[in-house]
1. Do we find a residue being assigned to a helix (DSSP H, G or I), among the hydrophobic types (A, V, I, L, M, F, W, C), crowded, with 20+ Cβ neighbours inside 10 Å and in contact with a strand residue (DSSP E or B) (Cβ under 8 Å, 6 or more places away or on another chain) anywhere in segment 175-188?
2. Which of (1) surrounded by 14 or more Cβ atoms within 10 Å (Cβ to Cβ); (2) away from ligand 2 (no atom under 16 Å from the Cβ) is the odd one out, the single condition Asn94 does not satisfy?
3. Looking at segment 125-137, is at least one residue at pLDDT 95 or above and within 16 Å of ligand 2 (Cβ to nearest atom)?
4. List every residue pair whose Cβ atoms sit under 6 Å apart, with the two residues 6 or more apart in sequence or on different chains, where the first one lies in segment 106-123 and is over 17 Å from Phe173 (Cβ atoms) and the second, anywhere, is of a type in the set (S, T, N, Q).
5. Restricting the search to segment 70-84, which residues are over 16 Å from Gly15 (Cβ atoms), without any contact (Cβ under 8 Å) to a residue 60 or more places away in the chain and either of a type in the set (Gly, Ala, Ser) or more than 11 Å from ligand 1 (Cβ to nearest atom) (or both)?
6. Somewhere in segment 68-87, is a residue part of a helix (DSSP H, G or I) and either in contact with a helix residue (DSSP H, G or I) (Cβ under 9 Å, 6 or more places away or on another chain) or more than 24 Å from Glu273 (Cα to Cα) (or both)?
7. Being closer than 18 Å to Leu6 by Cα and assigned to a helix (DSSP H, G or I) is the filter here, so list the residues in segment 213-253 that pass it.
8. On the basis of being in contact (Cβ under 8 Å) with a residue 60 or more places away in the chain and under 30 Å from Leu127 (Cα atoms), does His7 make the cut?
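The values are calculated or read from the model by the stated rules, or taken from the named source; none is laboratory data. Since the model is a prediction, treat every value here as computed from it, not as a measurement. Positions of Cβ are backbone-derived with ideal geometry, glycine not excepted, and every protein chain shown enters the neighbour counts.
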Amino acid sequence: MNKVNLHTHSNFCDGSSQLKNYVDKAIELGFQGIGFSSHAPIGFNTDWHMKKEKFHTYHQQIGKLKTDYKGEIEIWCGLEIDFFDNDEYEFDFNNSNLDYSIGAVHYIKPDSNYCIDESKEKLKNILKYEYQSDNKSLIREYYNTIVAMVFKRKFDIIAHFDLIKKFNTNNYFFDENAKWYKEIVFETIDKIKEKDPIIEVNSRGFYKGQTKEYYPSKWILKYLISNGFRITVNTDAHTPFEINNEFDSMIQNLITLGLSEISLFKNNEWVKESL
Ligand SMILES: [Zn+2]
Ligand SMILES: [Zn+2]
């Protein structure tokens, strides 16, 4: 099987290293393709998104690597783009000449105060002060935002589908086995199915010791597979050493769950390969 990882962060955003080091490591690890997916610039300042003025250089440097490494490994220019449903905050990717795009919900409202991914403390405050401790309505908002993203944007991949569990160790915020939670997740999947988005299995929460399972959890993957969703595998690497983290185990996990074909990017298009 072709090994391809489209979810990587370099020092153009919050990753550790230069682009070239990821390419060299990917070759060493036996990958046939690597895509860069910096956090796209957004409408307010953070310490983890690419600055707007850097995008041109990012695109140019990746272009040069494509030429330098031609015949050795495929290299693609992508972005992980925050969905805001608000042009003031969201990166306009339509004219940016990307090879692919990853859509992400890190914010449940177009406001720096509504990031569900930064820290447990921040999520606690959102839940307490913005949702009056009503965890169901916060979680409903998270998944509704995913539905809106899928219907309003044409991103290739949906990032870390159940990211809302990131700080939920020991069911701190909600019971992941509760009937109401499963119903919200299943409804979300039923709604987005017609748009045929690609779902990634993402190992970052797991190898960082934040989650007990990959994103998304097995029971969610099972439902996605039985509904015929296209599925791909990424590691959300923030250092070159994370490019292969859990990669083969994620594939094994998918085979065990009954997936027979994986979606891969190859020669600049999405193809399916047997597992
Ligand atoms: Zn992300
Ligand atoms: Zn990422």
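1. Kept after step one, since they are assigned to a helix (DSSP H, G or I), are these residues of segment 175-188: 179-188.
In the following step, the residues that additionally are among the hydrophobic types (A, V, I, L, M, F, W, C) were identified as 180, 184-186.
Remaining after also requiring crowded, with 20+ Cβ neighbours inside 10 Å: 185.
Pick out the ones that are also in contact with a strand residue (DSSP E or B) (Cβ under 8 Å, 6 or more places away or on another chain) and you get none.
No.
2. Condition (1) is where Asn94 drops out.
3. no
4. Hits for this filter: Pro110/Asn86.
5. Lys70, Gly71, Glu72, Ile73, Phe84
6. Initially, segment 68-87 is screened for residues part of a helix (DSSP H, G or I), giving 68.
Still in the list and also either in contact with a helix residue (DSSP H, G or I) (Cβ under 9 Å, 6 or more places away or on another chain) or more than 24 Å from Glu273 (Cα to Cα) (or both): 68.
Yes: one or more hits.
7. Passing the criteria: Pro240, Phe241, Glu242, Phe247, Asp248, Ser249, Met250, Ile251.
8. Numbers: in contact (Cβ under 8 Å) with a residue 60 or more places away in the chain: yes; under 30 Å from Leu127 (Cα atoms): yes.
Against the criterion (in contact (Cβ under 8 Å) with a residue 60 or more places away in the chain and under 30 Å from Leu127 (Cα atoms)), His7 qualifies.
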